[in-house]
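Undergrad: For reference, the structure I am asking about is given below.
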Amino acid sequence: MHRPTPHPLALLVLAGLLQAPAQAALFDVDPGPYLHATGGFAAWDQDSHGRVLDLCLSKAVSSRVPGTAAAPSYMCTLLPTPGVFDDTQAINFPSNFPDEAFWFTADAALVDAARGIDLSFGTAIEAAFAAEEPVDGDQVSFARVRIRVDVAAPGTYVITHPYGVDVFDVPVAGRRAINMTRDIGIGAPQTYNGALKGDVGPFLRSVNGPYSETNPLTGASERFIGDPNLEEAVTGSPFNTNYVRIEGPNGLDLRTEVFSVSGKLSSVNRPTPLIPQRSTYSRRTVNGNPVAQQDVFVQAPPQPATVTLTSQSPNLPLSEANHTGAWYAQSALNPTLPALLTVAADNTPAIPSSTPTTASLPLVDLVTIQRAEYSLGSGQLTLIAATSDEVTPPTLTAHTGHGAAIGALGGEGAVKTLTTGLSPIPPATVTVTSSNGGSDSEEVVILP
């Protein structure tokens, strides 16, 4: 079910991904050395909400859902494979090791027989092998989103899920008319940071967890973010879309808000994730007086964590909404440039073992390209750009997308212009940089 797939298995056209991935789905991964006990894989992954999950190889079973000898109710997603992995025997690499293992899984299903809809959604941070069987030196990992849907009518379908929005154009109805697998991060063997660039994360987790169970081999108590033997409401979506919803022809609009989730919380202590996103200032004159503001955006664990701008007195707390981990604050101080802001994040209220962290953010002006046009007839490029510093406007300079200098924009105020000849072909994109640190890039509109 979870084998790596180099290309999406889609019988249809994937019309687009409407919602971009979170700024940081996963935050960090075990840098090694990679040990025999974990099959040569990274021992843990950390998400941008601060949770650290071990590669889930425990044989702890659910105390909520009874299993059988033939089908134990494991808290980890352990998939027996005849001739490769026998879950009734001790896990040992490579002689008896899962050909697929997981740091995290979340699965949901939605069926409406009357409307002809049978949807399955699966997402995972997965450990696998390039040739599908356990071989040392063949280990790979990736972030997966898989959507499969049987539909009864052709048309356009929009599927919203915890990690984005996917749109499918379905020309022919039928079984698995929608069949998409997106695997991100498969790279060189035993290189595990590729999944950090995927769109899976932060980890979904049960609203009823974490759960504690006993490892039958060690007697140790272990904690899990969910019980994969249950279907439960979850939290953790970076977009606050903790559900799967399908919209389509003839007013179709169905959703489910329950998932089966697996993931073993690690005993590894990690710093609180803190990811600077933007720190810009603006200045203007109102009734002869300068008015300034500073806008600070960071990604960090959601509440009950705290995030504070500590480089001013008194310290300024940032605000967070919808438990997505997006934090913001605005200060009315007029900065003296160059300025370096300091932000501190503390996730110990949610994860006592985490340690607070700080980050430095250069304060820059906000540059906005208002016009970028190239005339094929005249060979002229026309740029109009503005800086948010209207009181002491900095110098604005244009570059091509490849970094080649085009020239300085002219003008006395905050809005500056440049018209210049470029040949033999127009640039695809232009970037305008400010002497106060800001920048903006835009695609060039091509005119006759």
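Undergrad: Just checking, how many residues over the stretch 11-47 are assigned to a loop (DSSP other than H, G, I, E, B), within 19 Å of the chain's Cα centre (by Cα) and at pLDDT below 95?
TA: 8
Undergrad: Sort out which residues of the stretch 82-107 are part of a loop (DSSP other than H, G, I, E, B), surrounded by 15 or more Cβ atoms within 10 Å (Cβ to Cβ) and in contact with a strand residue (DSSP E or B) (Cβ under 7 Å, 6 or more places away or on another chain), and write them in order of number. Outline the logic, then answer.
TA: At the first step, the residues of the stretch 82-107 found to be part of a loop (DSSP other than H, G, I, E, B) are 82-84, 86-91, 93-95, 97-99.
Checking which are surrounded by 15 or more Cβ atoms within 10 Å (Cβ to Cβ) leaves us with 84, 87, 91, 93-94, 97-99.
Residues satisfying the conditions are Phe97, Pro98, Asp99.
Undergrad: May I pose another question? Out of all the residues in the stretch 160-171, is one or more under 22 Å from Leu57 (Cβ atoms) and among the aliphatic types (A, V, I, L, M)? Give the derivation first.
TA: Of the stretch 160-171, the ones under 22 Å from Leu57 (Cβ atoms) are none.
Among the residues of the stretch 160-171, not one is under 22 Å from Leu57 (Cβ atoms) and among the aliphatic types (A, V, I, L, M), which makes the answer no.
Every residue, every condition in (1) assigned by TED's automatic domain parsing to the domain that holds Ala109; (2) touching a Gly at 6+ places or on another chain (Cβ under 7 Å); (3) of a type in the set (Gly, Ala, Ser), yes or no:
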| residue | (1), (2), (3) |
| --- | --- |
| Thr160 | yes, no, no |
| Pro171 | yes, no, no |
| Arg175 | yes, no, no |
| Asn179 | yes, no, no |
| Gly187 | yes, yes, yes |
| Pro202 | yes, yes, no |
| Asn208 | yes, no, no |
| Tyr211 | yes, no, no |
| Pro216 | yes, no, no |
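Undergrad: List pairs: first in the stretch 330-352 and in contact (Cβ under 8 Å) with a residue 12 or more places away in the chain, second exposed (fewer than 12 other Cβ atoms within 10 Å of the Cβ) and assigned to a strand (DSSP E or B), Cβ under 6 Å, 6+ apart or cross-chain?
TA: Leu340/Ser360; Thr342/Ser360
Undergrad: Kindly state which strands (runs of 3 or more DSSP E) lie completely within the stretch 188-250 and contain at least 1 residues that are surrounded by fewer than 16 Cβ atoms within 10 Å (Cβ to Cβ) and not acidic (Asp, Glu).
TA: Answer list for the stretch 188-250: 211-214, 221-224.
Undergrad: Using beta carbons and a limit of 8 Å, which pairs, at least six apart or on different chains, have the first residue in the stretch 50-78 and under 13 Å from Leu230 (Cβ atoms) and the second one among the aliphatic types (A, V, I, L, M) and in a strand (DSSP E or B)?
TA: Gly67/Val61; Ser73/Val61; Tyr74/Val61; Met75/Val61
Undergrad: Quick one: in the stretch 296-314, which of the residues that are of a type in the set (Val, Ile, Thr) and touching a Phe, Trp or Tyr at 6+ places or on another chain (Cβ under 9 Å) is nearest to Ala332 (Cα to Cα)?
TA: So the residue we want is Val296.
Undergrad: Consider the stretch 57-79. How many of its residues are modelled with pLDDT of 95 or more and exposed (fewer than 15 other Cβ atoms within 10 Å of the Cβ)?
TA: 3
Undergrad: So if I check each of Val415, Val444, Val430, which one is surrounded by 14 or more Cβ atoms within 10 Å (Cβ to Cβ), among the β-branched types (Val, Ile, Thr) and within 29 Å of Asn289 (Cβ to Cβ)?
TA: Testing whether each residue is surrounded by 14 or more Cβ atoms within 10 Å (Cβ to Cβ), among the β-branched types (Val, Ile, Thr) and within 29 Å of Asn289 (Cβ to Cβ) leaves just Val415.
Undergrad: Continuing with this model, one more query. Considering the stretch 251-300 alone, what residues qualify as being surrounded by 17 or more Cβ atoms within 10 Å (Cβ to Cβ) and over 26 Å from the mean Cα position of the chain (by Cα)?
TA: Across the stretch 251-300, the qualifying residues are Leu252, Tyr281, Ser282, Arg283, Gln294.
Undergrad: Based on what the data block shows, is Leu110 surrounded by fewer than 21 Cβ atoms within 10 Å (Cβ to Cβ), at pLDDT 95 or above and within 25 Å of the chain's Cα centre (by Cα)?
TA: yes
Undergrad: Give the residues of the stretch 403-429 that are in contact with a Gly (Cβ under 7 Å, 6 or more places away or on another chain) and farther than 20 Å from Glu390 by Cα, sorted by residue number.
TA: Scanning the stretch 403-429 gives Thr420, Gly421, Leu422, Ser423, Pro427, Ala428, Thr429.
Undergrad: Can you tell which of Thr181, Thr156 is outside any loop (DSSP other than H, G, I, E, B), in contact (Cβ under 8 Å) with a residue 24 or more places away in the chain, touching a Phe, Trp or Tyr at 6+ places or on another chain (Cβ under 8 Å) and over 15 Å from Phe41 (Cα atoms)?
TA: Values: Thr181 fails: touching a Phe, Trp or Tyr at 6+ places or on another chain (Cβ under 8 Å).
Of the residues listed, the single one that is outside any loop (DSSP other than H, G, I, E, B), in contact (Cβ under 8 Å) with a residue 24 or more places away in the chain, touching a Phe, Trp or Tyr at 6+ places or on another chain (Cβ under 8 Å) and over 15 Å from Phe41 (Cα atoms) is Thr156.
The values are calculated or read from the model by the stated rules, or taken from the named source; none is laboratory data. What you see is a predicted model; the values in this text were computed from it and never measured. Because the Cβ atoms are built from the backbone with ideal geometry, glycine has one as well, and the counts that use them run over all protein chains shown.
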